[in-house]
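Enquirer: Can you keep this structure in mind? I'll have questions shortly.
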Amino acid sequence: MYYVVMKDRDIRDNLATEQYLMNNVEFDEPLVLFYIEGPCIIVGRNQNTMEEINPDYIKDNNITVTRRLSGGGAVYQDLGNLCFSFMVDSDDKNFGDFKSFTQPIIDALHQMGATTAEVSGRNDLLVDGKKFSGNAMYSRNGKTFSHGTLSLDVDLDVLTKALHVQKDKIASKGIKSIRSRVTNVRPYLAPEYQNLTTEQFRDKLLLELFHANSLDEIKGHEYVVTPEDQKEIDKIKEKYYYNWDWVYGKSPEFTAKQRKHFDMGTVDVRYNVSDGKIKDAQIYGDYFGMKDVTDIKSKLIGTKFDRDDILAVLDKFNLDDYFKGIPQTELLNLFTP
């Protein structure tokens, strides 16, 4: 087995590296990758991004959002989380068999004192009945990777806020995440492992996987990304993980609506969004205005379903001409995700 320890702390760079290694580097043995990243949300390939996130909270807290190649649900990660990815030659029998990929991680955690850790259901890892890891899988061109999270010391309060969206705002046929009782694995580790940093936790898992006593013993199994590799990885980053069209535009068609009653009337804004852009806009309510809102609706069509893009359109109008007496700040919040 070979391993890669990614130095970057941006999920987009790490997913691009994973994708590149899978499709462009040949290994004669399985490969395991470990990566750690700052606060981020990664949605599954078939999900509606806006249906999974709390956009205001994410913007205010500088949380990165991207989409991965594999299916499954949205996950939140921060520097208290360790990601792992096992990469092997494809076999029809192993696709979907998460237990065969995650069992080595479970065995390692047992050695570290978390003896109640187990594989549960389709793709989760539990400890004392609580979820600390979610896993997803992707296969292409004769290769398969199975990657997952390991919550060592994730800020669970941020997790619940970042992945919260009001269910009555957005409706689509995208695959929705199932919220589970989540926990961190740190409290379940043996006393000598209670104070490990995420990096130390990673290194200990590596040693357990290789049945080694020191990293020096396994240095010959490490693959280091070359400058030539990095040039190709940078291309993948821009094509996918930093690309708005990939992150948001790949979402299934959906409808979004927001309605609010003001002293000067009720405003009900509804969008039909396809490929991440507004295909149709409707504005209902018993508000008063000197001008017809058709002007605004026509300009919104074709706009990205993104707060800044919608605000740029609305900035061209004196909204008081259309919604007399209604505070502009609250109107802008009503029109934007």
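Enquirer: Would you be able to tell me the number of residues in segment 106-130 that are open to solvent by less than 40 Å² (accessible area, probe 1.4 Å) and among the acidic types (Asp, Glu)?
Expert: Within segment 106-130, residues that are open to solvent by less than 40 Å² (accessible area, probe 1.4 Å) and among the acidic types (Asp, Glu) number 1.
Enquirer: Here's something else I'd like to know. Could you check segment 17-34 and list, in sequence order, the residues that are in a loop (DSSP other than H, G, I, E, B), more than 19 Å from residue 237 (Cβ to Cβ) and in contact (Cβ under 8 Å) with a residue 12 or more places away in the chain? Lay out the reasoning, then the answer.
Expert: So the first thing to find is which residues in segment 17-34 are in a loop (DSSP other than H, G, I, E, B), and the list is 25-30.
Retained after the next criterion (residues that are more than 19 Å from residue 237 (Cβ to Cβ)): 26-30.
27, 29, 30 - these are the residues of segment 17-34 that are in a loop (DSSP other than H, G, I, E, B), more than 19 Å from residue 237 (Cβ to Cβ) and in contact (Cβ under 8 Å) with a residue 12 or more places away in the chain.
Enquirer: From 292, 263, 309, 286, grab the single residue that is among the acidic types (Asp, Glu) and at pLDDT 90 or above. Working first, answer last.
Expert: Working: 292 fails: at pLDDT 90 or above; 263 fails: at pLDDT 90 or above; 286 fails: at pLDDT 90 or above.
Of 292, 263, 309, 286, the one residue that is among the acidic types (Asp, Glu) and at pLDDT 90 or above is 309.
Enquirer: Right, something else. Taking the stated definitions as given, is residue 250 closer than 19 Å to residue 65 by Cα and open to solvent by 10 Å² or more (accessible area, probe 1.4 Å)? It would help to see each step written out before you state the result.
Expert: Values: closer than 19 Å to residue 65 by Cα: yes; open to solvent by 10 Å² or more (accessible area, probe 1.4 Å): yes.
Taking the combined requirement at face value, the residue satisfies it.
Enquirer: Now a separate question. How many residues does segment 48-77 hold that are crowded, with 21+ Cβ neighbours inside 10 Å and acidic (Asp, Glu)?
Expert: Number of matching residues: 2.
Enquirer: OK, next. Among the residues of segment 253-285, how many are charged (D, E, K, R) and either part of a helix (DSSP H, G or I) or open to solvent by less than 70 Å² (accessible area, probe 1.4 Å) (or both)?
Expert: Residues of segment 253-285 that are charged (D, E, K, R), as a first pass: 253, 257, 259-260, 263, 268, 270, 275, 277, 279-280.
So of that shortlist, the ones also either part of a helix (DSSP H, G or I) or open to solvent by less than 70 Å² (accessible area, probe 1.4 Å) (or both) come out as 268, 280.
The total comes to 2.
Conditions (1) modelled with pLDDT under 90; (2) within 18 Å of the chain's Cα centre (by Cα); (3) open to solvent by less than 30 Å² (accessible area, probe 1.4 Å), marked per residue:
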{"residue": "132", "(1), (2), (3)": "no, yes, yes"}
{"residue": "137", "(1), (2), (3)": "yes, yes, yes"}
{"residue": "144", "(1), (2), (3)": "yes, no, yes"}
{"residue": "155", "(1), (2), (3)": "no, yes, no"}
{"residue": "162", "(1), (2), (3)": "no, yes, yes"}
{"residue": "168", "(1), (2), (3)": "yes, no, no"}
{"residue": "175", "(1), (2), (3)": "yes, yes, no"}
{"residue": "182", "(1), (2), (3)": "yes, yes, no"}
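Enquirer: Now, a different point. Please tell me if residue 87 is open to solvent by less than 30 Å² (accessible area, probe 1.4 Å), at negative phi, at pLDDT below 95 and part of a helix (DSSP H, G or I).
Expert: Considered against the rule, which asks whether it is open to solvent by less than 30 Å² (accessible area, probe 1.4 Å), at negative phi, at pLDDT below 95 and part of a helix (DSSP H, G or I), residue 87 comes out as no.
Enquirer: May I pose another question? For segment 209-220, give me each residue that is within 32 Å of the chain's Cα centre (by Cα) and either buried (at least 17 other Cβ atoms within 10 Å of the Cβ) or over 19 Å from residue 31 (Cβ atoms) (or both).
Expert: Residues satisfying the conditions are 209, 218.
Enquirer: Does any residue of segment 286-294 turn out to be in contact (Cβ under 8 Å) with a residue 60 or more places away in the chain, out of contact with any strand residue (DSSP E or B) (no Cβ under 8 Å at 6 or more places or on another chain) and either crowded, with 17+ Cβ neighbours inside 10 Å or outside any strand (DSSP E or B) (or both)?
Expert: Within segment 286-294 (the criterion being in contact (Cβ under 8 Å) with a residue 60 or more places away in the chain, out of contact with any strand residue (DSSP E or B) (no Cβ under 8 Å at 6 or more places or on another chain) and either crowded, with 17+ Cβ neighbours inside 10 Å or outside any strand (DSSP E or B) (or both)), the answer is no, since none of the residues qualifies.
Enquirer: Which residues, taken from segment 221-239, are assigned to a helix (DSSP H, G or I) and either touching a Pro at 6+ places or on another chain (Cβ under 8 Å) or open to solvent by less than 80 Å² (accessible area, probe 1.4 Å) (or both)?
Expert: 221, 229, 230, 232, 233, 234, 236, 237
Enquirer: Hey, residue 313 hits all of (1) β-branched (Val, Ile, Thr); (2) part of a helix (DSSP H, G or I); (3) closer than 30 Å to residue 69 by Cβ; (4) open to solvent by 10 Å² or more (accessible area, probe 1.4 Å) but one; which does it fall short on?
Expert: Answer for residue 313: the failing condition is (3).
Enquirer: Just to be sure I understand the filter: pairs with C-beta atoms under 7 Å, separated by 6 or more residues or on different chains, first member in segment 222-244 and more than 14 Å from residue 18 (Cα to Cα), second member hydroxyl-bearing (Ser, Thr, Tyr) and surrounded by 14 or more Cβ atoms within 10 Å (Cβ to Cβ). Which pairs pass?
Expert: 222/3
Enquirer: While we're on this one: Would you mind stating whether residue 242 is open to solvent by 40 Å² or more (accessible area, probe 1.4 Å), of a type in the set (Phe, Trp, Tyr) and touching a Phe, Trp or Tyr at 6+ places or on another chain (Cβ under 8 Å)?
Expert: The answer is no for residue 242.
The values are calculated or read from the model by the stated rules, or taken from the named source; none is laboratory data. From a predicted model like this one, the values you see are computed outputs, not experimental measurements. Methodologically, a virtual Cβ is constructed for each residue, glycine included, from the backbone with ideal geometry; neighbour enumeration extends over all protein chains shown. Protein only, heavy atoms only, side chains kept; ligands, DNA and RNA dropped before computing areas. Shrake-Rupley method; radii C 1.70, N 1.55, O 1.52, S 1.80 Å.
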